[in-house]
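One structure is given here, and the rest of the page talks about it.
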Amino acid sequence: MLRISGIRIPINRDSPEELKRQICSRLGIRRKDLLGFQIFKKSVDARKKNMVYFVYTVDAAVASEVDPAVLNNDGQVSKTPDMGYSYVENGQEPLRERPVIVGTGPAGLFAGLILSEMGYSPLLLERGADAESRRAAVSRFWNSGTLDPECNVQFGEGGAGTFSDGKLTTQTRDTRNRKVLEEFVEAGAPEEILYSYRPHVGTDKLVTIVQNTRKKIIAAGGEVRFNSKLTDLAIEDGTLKGIVVNDTEVIPLSVLVLAIGHSSRDTYEMLYNRGVSLVQKAFSIGVRIEHPQELIDRIQYGSFAGHPKLGAADYKLAYHSPNGRTAYTFCMCPGGSVVAAASEPGYLCTNGMSEYARDGRNANSAFLVNVAPGDFGSDHPLAGVQYQRKWEGLAYALGGGDYFAPVQLLRDFLKDRKSASLGSVESTYKPGVTLANLTECLPSFIVETMQEAVLHLDRKLKGFALEEAVLTGVETRSSSPVRILRHESLQSNLSGLYPVGEGAGYAGGIVSSAVDGIKAAEAIARRYRPFS
């Protein structure tokens, strides 16, 4: 197998036959000598608006010898590396009890998957409900404003990422990434996520994917329990001996994978009270900004906007202010909705979500500014949590209660005045919105940085500063405000406790969280022999 990169095909000539032709041309072989190929990466080059190109990297099987000069002198042709996942060798230390995993977001699910496949019979505990029951609870919240603090956008099977765009991009080049994507495909994700430059699956498919992953864990010997909340730790001489679930059930253990989400504020408090080492962590705060998706398509793709091979366009922008802050867009959801993402009564926060088709009328993105521990006003490890609550509480009050979100037109935000009405862009947020001045529920330095950034970002994406773009407040859960410290063994200062994923402060998305869960499973497997 040979890997060929940098194959550019104009959108109006894109086809499997044209791709085969270019592979043969690049390798200098006859068509009959190309035995087959598979796409490894596919991206879009829309920098020139008069033509859009697809750029491919492919792995090809050939029947004939390829001129060595092609391999030696062309940096875009090489031998295909082995990308298969290799399970680690088991350790020999005995396990007194089966491993327990708290949380069934990506980190918990993949820690559970690897451990179950290796014969460790893990027990997975989830404070929220199964995916189908959770979807019903979230729908009730969005339609009526009735919040279930234990089953919502943040808590339940699949974690917070289940109600998102389902992005599977990652900044890391970890070889385990491929394992994650392959498992997603096996569980029901479209095969294109294996090669798309910006893979996503959408909320509608994620609900099925997490259920199928759970079934695979169970079939391999694991167990999954819902509505089972970690409420305390049993500790002896600095070593974890067990956990308490729902304040009543005691489960003895020697290994606990802690895969809580970034909104598990009550769990952070319990860990702090039990002496687990926690530190403050930087995150970001801002709003959701909505534009017409048709506008974003036209800006990004020009006359090719709406082409069936392109789908909904996205964007990613950043502005570095002289004040030392950075304003940037994050978790952009093409054709999606702004959603209510609260997990505590009396506090309001937002997120973005898309389904797989990304066919909604609006594009939305988080529009954020970084905050640092120095902004929290305290050196307490959980001061960032209180900082989030402060602005979420103000947003809840500004929206008028019942989880109605405060909204404002961009032109009014720039002029620091309350909006009198919405314009051409209709808000997608449920259960409802209240016209407001968002400066009343955001730190002043964030407001100033965002106002400064708008025109600069508009130069990069002409149309970003659309006067009638809708801002919805507030977005505070960009990442965890806490990091649970761990050693190279991936254990915390409490022996036997393995904090992982986004809630532990070591990941920033679905794939990176899943990979962190795999790493924890590997660390456990290297030390212990399978549980029996």
*Would you work out what percent of the accessible area of the chain, with all protein chains in place, is carbon or sulfur (probe 1.4 Å)?*
48 percent
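Compute, for the chain, the length of the dipole vector about the Cα centre, with Cβ point charges of +1 (Lys, Arg) and -1 (Asp, Glu) only. Units Debye, rounded to 20.
Using only the charged Cβ atoms, the result is roughly 1360 debye.
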*Put a dot 7 Å past each Cα toward the Cβ at ARG198 and GLU488; how far apart are the dots in nm?*
3.9 nm
_Could you tell me how far the Cα centroid of segment 456-511 sits from the Cα centroid of segment 182-200, in Å?_
23 Å
*Could you give the distance between the Cα centres of segment 98-116 and segment 202-218, to the whole Å?*
14 Å
*If each of ARG417 and SER86 carries a label point 7 Å out from its Cα toward its Cβ, how far apart are those two points in nm?*
6.6 nm
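In debye to the nearest 20, how big a dipole does segment 315-433 give about its Cα centre with +1 on each Lys and Arg Cβ and -1 on each Asp and Glu Cβ? Working shown, then result.
Numbers: 11 positive and 10 negative charges, 70 e Å.
So the magnitude is around 340 debye.
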*asked:* Quick check: from the Cα gyration tensor, does segment 284-384 come out rounded (a/c under 1.5), prolate or oblate?
replied: oblate
*Potential extension, THR239-ASP33 segment - 0.36 nm per residue separation minus Cα distance*: 68.0 nm
*If you project the alpha carbons of segment 182-283 onto their three principal axes, what span does each projection cover, largest first, in Å?*
50, 38, 21
*What net charge is computed for the residues neighbouring SER303, neighbours being all others with C-beta under 15 Å from the C-beta of SER303, Lys and Arg scored +1, Asp and Glu -1?*
+3
*Past the 24 Å Cα-Cα mark, which pairs from LYS167/LYS216; LYS42/LYS79; LYS179/LYS216; LYS316/LYS390?*
LYS316/LYS390
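With n ≥ 4 as the cut-off for DSSP H runs, can you work out [θ] at 222 nm for the chain, using -39500 (n - 2.57) per run divided by the number of residues, rounded to the nearest 500?
When only DSSP H runs of four or more count, the value is -8500 deg cm²/dmol.
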*Give me the net charge of GLN451's neighbourhood, meaning all other residues with Cβ under 11 Å from the Cβ of GLN451; Lys, Arg count +1, Asp, Glu -1.*
-2
_I'd like the distance between the alpha-carbon centres of segment 407-442 and segment 1-46, rounded to an integer number of Å._
48 Å
*By how many nm would the segment from ARG13 to PHE40 grow when fully extended, if each residue of separation counts as 0.36 nm and the alpha-carbon distance is taken off?*
7.8 nm
_Rounded, prolate or oblate, given the Cα gyration tensor of segment 122-266, with a/c below 1.5 counting as rounded?_
oblate
*At what distance in nm do the modelled label points of GLU93 and ARG225 sit from each other, each positioned 7 Å from its Cα along Cα→Cβ?*
2.5 nm
_Accessible area (Å², per residue) of segment 259-417, counting only protein heavy atoms and a probe of 1.4 Å_ = 36 Å²
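Taking each pair of distinct Cα atoms in the chain once, what is the resulting Kirkwood hydrodynamic radius in Å?
Across the chain, the inverse of the average 1/r is 24.6 Å.
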_ARG21-THR326 FRET efficiency (beta carbon distance; Förster radius 56 Å; 0.05 resolution)_ = 0.80
*How large is the charge dipole for segment 358-500, taken about the Cα centre, if only the Cβ atoms of Lys, Arg (+1) and Asp, Glu (-1) carry charge, to the nearest 20 debye?*
240 debye
*Can you tell which of LEU438, PHE464, GLY505 lies farthest toward the positive end of the dipole of segment 435-532, using +1 and -1 charges on the Cβ of basic and acidic side chains (Lys, Arg; Asp, Glu)?*
GLY505
*asked:* Using 0.36 nm times the number of residues separating MET51 and ARG140, minus their current alpha carbon distance, what extension gain do you get?
replied: 27.5 nm
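Taking only C-alpha pairs under 8 Å that are 6+ residues apart, what is the relative contact order of the chain in percent?
19 percent
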*In the neighborhood of ARG265, defined by Cβ-to-Cβ distances under 9 Å, what is the net charge if each Lys or Arg adds +1 and each Asp or Glu adds -1?*
-2
*Selected from ASN493, VAL474, LEU125, residue furthest toward positive end of dipole (the chain; charges at beta carbon)*: VAL474
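With every protein chain kept in place and ligands, DNA and RNA left out, what is the accessible area per residue of segment 178-233? Probe 1.4 Å, answer in Å².
40 Å²
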*asked:* Charges on Cβ only, +1 for Lys and Arg, -1 for Asp and Glu, centred on the Cα centroid of segment 52-100; of VAL58, LEU95, LEU71, which one is farthest towards the dipole's positive end?
replied: LEU95
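The values are calculated or read from the model by the stated rules, or taken from the named source; none is laboratory data. Nothing here was measured: the structure is a model prediction, and the numbers come from that model. Every residue, glycine among them, receives a Cβ derived from its backbone with ideal geometry; neighbour counts consider all protein chains shown. With ligands, DNA and RNA removed, areas are computed over all heavy atoms of the protein, side chains included. Shrake-Rupley method; radii C 1.70, N 1.55, O 1.52, S 1.80 Å.
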